[in-house]
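Trainee: Starting off with a structure, shown below.
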Amino acid sequence: MRLMIAGGGGFRVPLVFRALRSGGFAGLATELVLYDVDPARLSAVAAVLASMPSPAGARGRPLPISTTTSLPDALRGTDMVFAAIRPGGTAGRIADERVAQDLGLLGQETTGAGGISYALRTIPRMLELAAQMREHCPDAWLINFTNPAGMVIEALLPVLGPKAIGICDSAGGLVHRAARAVGIPLQDGRLDGVGYYGLNHLGWLYRLESGGRDLLPGLLSDPAALHTFEEGRLFPQPFLAELGALPNEYLYYYYRRHSAEAAMRTMPQTRGESIHTQQAELYPRLATAGARAYRLWDAARRSREEGYLAEARTQGEQRDEDDLAGGGYERVALTVMRALAGGTSDTQLILNTRNTLPAGPGGDTQPKPAIPGLPADAVVEVPCTVTADGAVPLPQSAPGRDQLVLLRRVKEVEQLTVGAATHGDRAAALDAFARHPLVDSPDLAGALLAGYERAFPALLQLWR
C-alpha cells in the first residue's frame, strides 16, 4: 500500500515512520511518500528518518521513502493519504493565539477564536487537496490529522464522502488513561464497554465497563485514582463526581476558562511562540546533523511534549512518562489504515465522522443520530467500528442538558465557520466568532476578525 503524507515536513512525521517499522504495523505500507510545499523541511525530516535506529529484530526490505513538492506526483498511485498540513506554519499559530489574547480572550490553537482563525485558512487548502485526490487517486482514503479536525472533516465530506475520516489522539488517550487508573488496560483498537460523545476537542467519557459493570462512577469518587492521570488532575474531584463523566482535556478551557486565561497571560511566551522558536532553530540543524538527526529530533519532541497544556499544571508539575514517550495519533491513524486495508474485522476507535447511524433492517428512511440531540448530518467524535468499508459510528447515550447546550452551540459555530471558509462568507465568519461561548460578543467578534485579517491578508481574498 502506497501511503502519502501531506505535510511531510511536519514535526511528527517521524512518529508515523517509527510505528511503520515495527510491531503490528510493520509491512502495512510498501512505499512512503512525503509531500510538502517547503523543500527545506522535507530535507530535515528525511534526515531524521535516515538516521532513525533500526527497531530490534527488524527483518525484510526497508520501507522505501521519497519526497516531493509536487502534489500531483505525490498523489498518483496513492492508496492512503494522511493529511497533517499547517497553512501559515507556526508563525500562523502565533497570530491565532496572540490576536485573541491581546483582546483579553483565550489564546489557544484549536479552541475558541484561535480555532476559528485556523479553520478559515486551513479549510480552503484541504478542499484543494480533496479536489486533487478526486483527480489523481479517486479511490484513495483520506485520514485527516489537520486541525481543527472536526471542522476540516465537516468541510471535506461533501467532496470525499465516507472516504474522509478524522482522527485525534486526545479522546482515545483519555479512555486508555482512565482504564489504566481502574486496572483494565484496553487493547489498541478495542473500545468494548466505552461510552464517549462529543465534538473534536469537546467530549466526555461517560461509561467505562468491564465484565458488565460500569467502573467510571467508582473512579470519579476516588481522588487518589483520579490524581494518577492528567485529565483527573485538571478538574476538582467533587466537580467530576457531580458531572458523572470525565471531560476531554480541552474542556479545561471551558470549565476553567478564567484560570486558563490568567495562566496564559503570565507565561513569557505563547505555546505557538515556544514551538516556533524551537523549530526555527531545530530544522536547519536536522538537515546537516547526519547520524545525530534522530537524537536531536527526539530530544526536541520530548521537550515539546513537556510543555503541552502547561497552563493547566501547577509550577513544577510534570506530565506522565507515558504521555512523554509518544505513540498517540500515529497509532490511531495506522490502526484505521490497517482496518481499511482489511487487516482486522473488529477495530473500534473514537473518530470524527458523520453523526448518522446505519439504517436498520427495516430500511428506515429517517436517519438516526449516534449522539441524540445533535443533527444526523453533523460531524461528531464518537466510538466507531472500522472495516474495509469505512468508519461507522456506534450509538451513544443522550448527553446531559448542559453538555448538549454546549455541544449545540459549538456545532453551530463550527458549521458557520465551515460555511465561511467554503463559500467565502465574511458575515458567517463574523457570526461564528460572536457566537462562540469563549467570545460571546459581537463587538469582540468584529475586533477579532479585523485582527486576523491584518495578520492573514489572504482572508480578504477569500471574502472576494
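Trainee: Might you report the magnitude of the Cβ-based charge dipole of the chain about its Cα centre, with Lys and Arg at +1 and Asp and Glu at -1, to the nearest 20 debye?
Mentor: Details: 45 positive and 49 negative charges, 171 e Å.
About 820 debye.
Trainee: Of all beta bridges DSSP finds with both residues in the chain, what is the antiparallel percent, to the nearest 5?
Mentor: Looking only at bridges with both residues in the chain, the antiparallel portion is about 55 percent.
Trainee: Also, I was wondering about something else. As I understand it, the dipole of the chain uses +1 on the Cβ of Lys and Arg and -1 on the Cβ of Asp and Glu, about the Cα centre. Which of GLN269, PRO62, ALA164 lies farthest toward its positive end?
Mentor: It is PRO62, whose Cα lies furthest towards the positive end.
Trainee: Fewest first, what order do SER51, SER117 take by the number of other Cβ atoms within 10 Å?
Mentor: Details: SER51 18, SER117 31.
Listing SER51, SER117 from fewest to most nearby Cβ atoms yields SER51, SER117.
Trainee: While we're on this one: Based on the mean of other beta carbon atoms within 10 Å per residue, what is the order of 217-226, 370-379, 190-199, most packed first? Don't skip to the answer; put the middle values down first.
Mentor: Working: 217-226: 16.1, 370-379: 19.2, 190-199: 22.1.
Result, highest mean first: 190-199, 370-379, 217-226.
Trainee: Separation of region 65-123 and region 413-464 by C-alpha centroid, Å?
Mentor: Rounded to whole Å, the Cα centres lie 16 Å apart.
Trainee: Applying the Karplus parametrisation 6.51 cos²θ - 1.76 cosθ + 1.60 with θ = phi - 60° to the phi angles of region 425-430, what ³J(HN,Hα) value in whole Hz is obtained for each residue in order, glycine and proline being reported as x?
Mentor: Result, rounded to whole Hz: 9, 5, 4, 5, 5, 4.
Trainee: Choose one of MET151, LEU105, TYR35: the residue whose Cα lies farthest towards the positive end of the charge dipole of region 2-167 (beta-carbon charges +1 Lys, Arg; -1 Asp, Glu; about the Cα centre).
Mentor: Projecting each Cα onto the dipole axis, the largest value belongs to TYR35.
Trainee: Please list 3J(HN,Hα) in residue order for region 25-41, calculated via the Karplus relation 6.51 cos²θ - 1.76 cosθ + 1.60 where θ = phi - 60°; whole Hz, with x for glycine and proline.
Mentor: So the J values, rounded to whole Hz, are 9, 4, x, 5, 9, 9, 7, 10, 10, 9, 10, 7, 7, 10, x, 5, 5.
Trainee: Wrap a convex hull around the Cα atoms of the chain, take a quarter of its surface area, and give that in square nanometres.
Mentor: 21.9 nm²
Trainee: Additional query: Can you give me the orientation-averaged projected area of the convex hull built on the Cα atoms of region 1-88, in nm²?
Mentor: Here the figure is 5.5 nm², rounded to one decimal.
Trainee: Further question on the same structure: Counting other beta carbons within 10 Å of each Cβ, put LYS368, LYS411 in order, fewest first.
Mentor: Listing LYS368, LYS411 from fewest to most nearby Cβ atoms yields LYS368, LYS411.
Trainee: Using a simple charge model, +1 on the beta-carbon of Lys and Arg, -1 on the beta-carbon of Asp and Glu, nothing else, what dipole does region 2-167 show about its Cα centre, in debye to the nearest 20? Can you show the working numbers first?
Mentor: Details: 15 positive and 13 negative charges, 101 e Å.
In total the dipole reaches around 480 debye.
Trainee: To the nearest µm²/s, what D does Stokes-Einstein give for region 2-167 at 25 °C and 0.890 mPa s, using the Kirkwood radius over alpha carbon pairs as Rh?
Mentor: Reported coefficient: 146 µm²/s.
Trainee: Quick one: which residues, 5 or more positions from TYR197 or on another chain, have an amide H under 5 Å from its amide H? H modelled 1.01 Å from N in the peptide plane, none for Pro or chain starts.
Mentor: Excluding prolines and chain starts, which carry no amide H, the hits are TRP204, TYR206.
Trainee: Here is a further query. Would you work out which of ILE123, VAL336, VAL81 lies farthest towards the positive end of the dipole of the chain? Charges go on Cβ: Lys and Arg +1, Asp and Glu -1.
Mentor: VAL81
Trainee: I've got another one for you. Tell me, what HN-Hα J-couplings in whole Hz come from the Karplus equation 6.51 cos²θ - 1.76 cosθ + 1.60 at θ = phi - 60° for each residue of region 112-126, using x for Gly and Pro?
Mentor: Karplus-based 3J(HN,Hα) across region 112-126 equals x, 4, x, x, 5, 4, 4, 5, 4, 9, 8, 4, x, 5, 6 Hz.
Only the coordinates and a few stated rules stand behind these numbers; no lab work does. None of these values were measured; they are calculated from a predicted model. Don't worry about glycine lacking a Cβ; one is built from the backbone with ideal geometry, like all the others, and counts go over all protein chains shown.
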